[in-house]
Amino acid sequence: MSLFAGVIVNSDALKVDKLFTYEVPDKLSALIEKGHRVRVPFGKGNKTIEAFVMELFSEFQGEFTRIKAISEICDDSPLLTEDDFSLINFMREKYLCKYIEAIRVIIPTGIMKGNKIKTKKVISYNGAELYGKFNKPNYEEVLQLIKNNSGIYTKSELIEKYNVSAYIIGKLIENKFVSVEDEQVNRINTRKYETYSSKVLNEEQRSAVETILNSENKLILLKGVTGSGKTEVYMNLVSNMLNEEKASLILVPEIALTPQMIERFKGRFGRNVAVFHSRLSDGERFDEWFRVKTGDVKLVIGARSAIFLPFKDLGLIVIDEEHEGTYKSEQNPKYHTREVAEFKSNLTGCTVVYGSATPSIESYYRTLKGEMKLVELKNRVDHSRLPIMEVIDMREELTNNNKSMFSKKLYNAIEDRLLKKEQIIIFLNRRGHSTFVSCRKCGYVFKCPHCDIAMTYHTNGYLVCHYCGTAKKQVNECPSCKSKYVKYFGAGTEKLEIEIKRMFPKARVLRMDVDTTRKKNSHEEIYNSFKNGEADILVGTQMISKGLDFPNVTLVGVITADISLNLPDFRSSERTYQLITQVGGRAGRGSKEGYVLVQSYNPEHYSLSYAKNNDYEGFFAEEIKLRKSMNYPPYANIMVINMSSKDQLGLQKHSENIGVNIKKMLQYNDKVDVMGPCPCIISKINEMYRWQILIKGNFDATLAHNIKDMVYDLSNAVYNEIRISMDVNPNNLI
Ligand code: ADP
Ligand code: ZN
Ligand code: ZN
């Protein structure tokens, strides 16, 4: 009986996003399974390429003569499981992606490339005694040595360490007194961590753990104020899982920015913690992946891609700081980690804990509808008080002729903390020195030659484009009118650092932003140095808003809250509320009271006033009203079709054509609005012009797919010139 396979080929071309049928040759038919990675001849030249077996069947209706056969099977066991197939379908449906894109996040290239277990040839004792001509003291001595270290050292290690004769070892091996075996070597480094001892949970934490473990609803929103000890709750849940031999996954927004989380988990659970993130080498990734697959490791801390690890018996997923934007992927499939976790929970019954001090509007809304269970930690551990927050009107400072970056109040507070030898964090969510350079005489703005964006001046003497990275040496003459009135506007963290050093010359200052943390480990170095009290002031971008717990920080200053408030995005208020609360939460974590000063030109804004009173519910009530009246998520969906091309005119024509067709398709549908086509807010990045169409309203997956199919059909002819990208409920609309 012949056997056939439906496969997905590993190729990016649009046309191949479907199953291709291949015959399974007799020699492979006993071995092949659904989920296997194989190689198949493909295309006109019959070059063999990689493919994945999605189905196996014995009845074949089509034209038999043209069918090709599978060339080989790549791995011993299938890479994709039954659950993976459900996940692939879920992602295709929800994120409008191709089969191969879904497969690639589940089995990343790194896993395939690193797909070899590194082994070393260790020497083991066989149990046999020496006999005949080998029964001599010098042989006995070496055998005894191997007996005592059986399975530990390689031949060369034995020679090096114990200075024994290579000849004798060779003879022992040859005559089977000892044997050579492969031992798996783990490529993950085994740095030691300081022990982080178990704490006795307070009443709130204990009750939270109990509620979570006993909850019928497996989706839990753990809303706990900053410093309420959420991590301790996570650890307790993990221990419970380990007792039941179940695995746990702890997701963090960005591994590099959360050294404390890793420190604590490693310090508590030791070597059995795997850390999974994008900076691992292919080999390291594979080793961790393999340890998870075999069930060897039952606790993983990872960034969003770890959600796809092949856990054996998963009991718990924690998504810490669930409101963070990094949980949404910007590449196909544009999955949201929150949603994939929920899908996994439906599949396996595992508990998902979404943790945050400032939950996303979407998640909190779901608790009100009963789709998620709300569990709260309302107090800081040991009832230390939340910091006191004050919003400072910077317009008044201007009226009082204060043109510096610091209000009088913030200046005085810094001086006071320096005197008391307490630490200070100053937050400014913009890097570089000046964000805008222009000519005062003719108005010329120094823009990136490749992007529609002003360049940022950096103190190294370069103007840098933060979108494409182009750097140009700074000039003091206007390229347009040749005047010398080139002026620098808009401050970033570099300027802030300089200003602080000028105004407080005795203070020791550290800066943490993208520019100071490019080198491996530099983030950790800055973090450790501040933790050890080697600096008084830490200046930084949103990098410093997450997960840092420094007991000696008593003052947090926010230079301007307006940057995030003024973003052209429906989430700007939510972002501002979250950012201010998170940075502010770094203050007063020890025994001393914390103080937060937020400077703004828009101090009456509701995100600031509710953040000031730490009133999340108040903020939510206000924000959800707006979302409803404007028909934004969670009340409606937004689908964005982004089109980009080097050919400005061709792009415009194509966008307009797609726009006309979408409007025609939706003309009798009064539940959705189509906006655009129009140029994006940033109309060019890296020589690519950008246009978009926005579809907003109540639409389901079927409609989204129909739109997608139509857009792709219309774009087939220009596939090489115009890049198309679609996203449902994207992170930002820029
Ligand atoms: P969150 O993540 O909610 O902001 P953390 O988990 O960082 O808070 O906890 C804040 C601090 O309180 C940490 O230093 C932690 O070690 C400590 N802590 C947490 N729970 C307890 C407890 N039950 N007893 C004593 N200290 C605790
Ligand atoms: Zn000029
Ligand atoms: Zn650029």
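Give me the residue from the range 442-461 that is touching a residue at least 40 places away in the same chain (Cβ under 8 Å) and within 11 Å of ligand 3 (Cβ to nearest atom) and, out of that set, nearest to residue 680 (Cα to Cα).
Across the range 442-461, the extreme among qualifying residues is 452.
Considering 368, 347, which residue is without any contact (Cβ under 8 Å) to a residue 40 or more places away in the chain, over 30 Å from residue 641 (Cα atoms) and within 33 Å of the chain's Cα centre (by Cα)? Give the steps one after another, and end with the answer.
Working: 347 fails: without any contact (Cβ under 8 Å) to a residue 40 or more places away in the chain.
Exactly one residue qualifies, and that residue is 368.
Please work out if residue 500 is surrounded by 15 or more Cβ atoms within 10 Å (Cβ to Cβ), over 16 Å from residue 459 (Cα atoms), among the β-branched types (Val, Ile, Thr) and in contact (Cβ under 8 Å) with a residue 12 or more places away in the chain.
Working: surrounded by 15 or more Cβ atoms within 10 Å (Cβ to Cβ): yes; over 16 Å from residue 459 (Cα atoms): no; among the β-branched types (Val, Ile, Thr): yes; in contact (Cβ under 8 Å) with a residue 12 or more places away in the chain: yes.
It is false that residue 500 is surrounded by 15 or more Cβ atoms within 10 Å (Cβ to Cβ), over 16 Å from residue 459 (Cα atoms), among the β-branched types (Val, Ile, Thr) and in contact (Cβ under 8 Å) with a residue 12 or more places away in the chain.
What pairs come out if I take residues in the range 312-323 that are under 17 Å from residue 293 (Cβ atoms) and in a strand (DSSP E or B) and pair them with residues that are away from ligand 3 (no atom under 16 Å from the Cβ) and of a type in the set (Asp, Glu) whose C-beta lies under 8 Å away, six or more apart or interchain?
Taking only residues 6 or more apart or on different chains, the pairs are 315/244.
Just give me the residues in the range 237-273 being outside any strand (DSSP E or B) and polar (S, T, N, Q), in sequence order. Outline the logic, then answer.
So the first thing to find is which residues in the range 237-273 are outside any strand (DSSP E or B), and the list is 237-246, 252-272.
Listed by number, the residues that qualify are 239, 240, 243, 258, 260, 272.
Restricting to the range 482-494, and then to whatever is in a loop (DSSP other than H, G, I, E, B) and touching a residue at least 12 places away in the same chain (Cβ under 8 Å), can you tell me which residue is nearest to ligand 1 (Cβ to nearest atom)? First the steps, then the outcome.
Pass one, the range 482-494, residues in a loop (DSSP other than H, G, I, E, B): 482-485, 492.
Subsequent filtering for residues that are touching a residue at least 12 places away in the same chain (Cβ under 8 Å) retains 483, 485, 492.
Numbers: 483: 52, 485: 49, 492: 28 Å.
Restricting to residues being in a loop (DSSP other than H, G, I, E, B) and touching a residue at least 12 places away in the same chain (Cβ under 8 Å), the top hit is 492.
Which strands (runs of 3 or more DSSP E) does the range 391-481 wholly contain that include 3 or more residues that are within 24 Å of residue 560 (Cβ to Cβ) and within 16 Å of ligand 2 (Cβ to nearest atom)? Step through it out loud before you land on a result.
Numbers: elements: 423-427, 434-439, 456-458, 462-464, 471-473.
Fully inside the range 391-481 and qualifying: 434-439.
With 486, 539, 509 as the choices, which residue is closer than 21 Å to residue 460 by Cα, of a type outside the set (Asp, Glu) and outside the structural domain of residue 556 (by TED's automatic domain parsing)?
On the way: 539 fails: outside the structural domain of residue 556 (by TED's automatic domain parsing); 509 fails: outside the structural domain of residue 556 (by TED's automatic domain parsing).
From the options 486, 539, 509, the qualifying one is 486.
Pick from the range 69-81 the residues that are at pLDDT below 90 and charged (D, E, K, R): which of them is surrounded by the fewest Cβ atoms within 10 Å (Cβ to Cβ)?
Restricting to residues being at pLDDT below 90 and charged (D, E, K, R), the top hit is 76.
Where residues in the range 242-290 are at pLDDT below 90 and small (Gly, Ala, Ser), which of them is surrounded by the most Cβ atoms within 10 Å (Cβ to Cβ)?
Per the criteria, the residue is 274.
Scan the range 576-605 residue by residue and report those that are farther than 23 Å from residue 379 by Cα and either touching a Ser or Thr at 6+ places or on another chain (Cβ under 7 Å) or surrounded by 22 or more Cβ atoms within 10 Å (Cβ to Cβ) (or both). It would help to see each step written out before you state the result.
First pass over the range 576-605, keeping only residues farther than 23 Å from residue 379 by Cα: 599-605.
Scanning the range 576-605 gives 599, 600.
Just to be sure before I move on: is residue 455 buried (at least 17 other Cβ atoms within 10 Å of the Cβ), at pLDDT 90 or above and not assigned by TED's automatic domain parsing to the domain that holds residue 541 in the structure I sent?
Values: buried (at least 17 other Cβ atoms within 10 Å of the Cβ): yes; at pLDDT 90 or above: yes; not assigned by TED's automatic domain parsing to the domain that holds residue 541: yes.
It is true that residue 455 is buried (at least 17 other Cβ atoms within 10 Å of the Cβ), at pLDDT 90 or above and not assigned by TED's automatic domain parsing to the domain that holds residue 541.
Could you tell me which of the residues 610, 632 is crowded, with 16+ Cβ neighbours inside 10 Å, of a type in the set (Ser, Thr, Tyr) and either without any contact (Cβ under 8 Å) to a residue 60 or more places away in the chain or under 19 Å from residue 385 (Cα atoms) (or both)? Before the answer, list the steps.
Numbers: 632 fails: either without any contact (Cβ under 8 Å) to a residue 60 or more places away in the chain or under 19 Å from residue 385 (Cα atoms) (or both).
Only one candidate passes the filter, namely 610.
Only one of (1) in contact with a strand residue (DSSP E or B) (Cβ under 9 Å, 6 or more places away or on another chain); (2) within 23 Å of residue 629 (Cα to Cα); (3) of a type in the set (Phe, Trp, Tyr) fails for residue 691. Which number is that?
Evaluating residue 691 over (1) in contact with a strand residue (DSSP E or B) (Cβ under 9 Å, 6 or more places away or on another chain); (2) within 23 Å of residue 629 (Cα to Cα); (3) of a type in the set (Phe, Trp, Tyr) leaves (2) as the failure.
Quick one: what pairs do we get from the range 529-543, first residue free of Cβ contacts under 8 Å to residues at least 24 places away in the same chain, second surrounded by fewer than 24 Cβ atoms within 10 Å (Cβ to Cβ), C-beta under 7 Å, 6+ apart or different chains?
529/510; 529/535; 531/550
Considering each of 435, 399 in turn, give the residue that is under 29 Å from residue 457 (Cβ atoms) and within 16 Å of ligand 3 (Cβ to nearest atom). Show your work before the answer.
Values: 399 fails: within 16 Å of ligand 3 (Cβ to nearest atom).
It is 435.
Rundown of residues vs (1) in the same structural domain as residue 285 (by TED's automatic domain parsing); (2) modelled with pLDDT under 80; (3) closer than 30 Å to residue 283 by Cα; (4) not basic (Lys, Arg), yes/no style:
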| position | (1), (2), (3), (4) |
| --- | --- |
| 94 | no, no, no, no |
| 151 | no, yes, yes, yes |
| 167 | no, no, no, yes |
| 192 | no, yes, yes, no |
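Restricting attention to the range 211-219, does a residue exist that is among the hydroxyl-bearing types (Ser, Thr, Tyr), within 25 Å of residue 386 (Cβ to Cβ) and modelled with pLDDT under 95? Show your work before the answer.
Just the residues of the range 211-219 that are among the hydroxyl-bearing types (Ser, Thr, Tyr), to begin with: 211, 215.
Now drop any that are not within 25 Å of residue 386 (Cβ to Cβ), which leaves 211.
Filter once more, so that each one left must be modelled with pLDDT under 95: none.
The answer is no, given that none of the residues of the range 211-219 is among the hydroxyl-bearing types (Ser, Thr, Tyr), within 25 Å of residue 386 (Cβ to Cβ) and modelled with pLDDT under 95.
Cβ contacts < 8 Å: first residue in contact (Cβ under 8 Å) with a residue 60 or more places away in the chain, restricted to the range 646-671; second residue among the polar types (S, T, N, Q) and not in a helix (DSSP H, G or I), any location; separation 6+ or different chain. Result?
651/644; 651/645; 654/645
Have a look at 575, 586, 627 and point out the one that is of a type in the set (Lys, Arg), within 26 Å of the chain's Cα centre (by Cα) and under 27 Å from residue 733 (Cα atoms). Before the answer, list the steps.
Numbers: 586 fails: under 27 Å from residue 733 (Cα atoms); 627 fails: within 26 Å of the chain's Cα centre (by Cα).
None of the other options fit; the residue is 575.
Just give me the residues in the range 219-268 being touching a His at 6+ places or on another chain (Cβ under 6 Å) and small (Gly, Ala, Ser), in sequence order. Reasoning before the result, please.
Step one: list which residues in the range 219-268 are touching a His at 6+ places or on another chain (Cβ under 6 Å), which gives 255-256.
If the condition is that a residue be touching a His at 6+ places or on another chain (Cβ under 6 Å) and small (Gly, Ala, Ser), then 256 is the only one that fits.
Report, by residue number, each residue of the range 206-231 that is surrounded by fewer than 21 Cβ atoms within 10 Å (Cβ to Cβ), near ligand 1 (Cβ under 9 Å from one of its atoms) and part of a helix (DSSP H, G or I).
Passing the criteria: only 206.
Does any residue of the range 462-473 turn out to be β-branched (Val, Ile, Thr), within 28 Å of the chain's Cα centre (by Cα), within 16 Å of ligand 3 (Cβ to nearest atom) and at pLDDT 90 or above?
Taking the range 462-473 and keeping what is β-branched (Val, Ile, Thr), we get 464, 470.
If we keep only those that are within 28 Å of the chain's Cα centre (by Cα) as well, we get 464, 470.
From what is left, the residues that are within 16 Å of ligand 3 (Cβ to nearest atom) are 464, 470.
Subsequent filtering for residues that are at pLDDT 90 or above retains 464.
Yes: one or more hits.
The values are calculated or read from the model by the stated rules, or taken from the named source; none is laboratory data. Keep in mind that what you see is a predicted model, and the values were worked out from it rather than measured. Cβ atoms come from the backbone with ideal geometry, glycine included; neighbour counts cover every protein chain shown.
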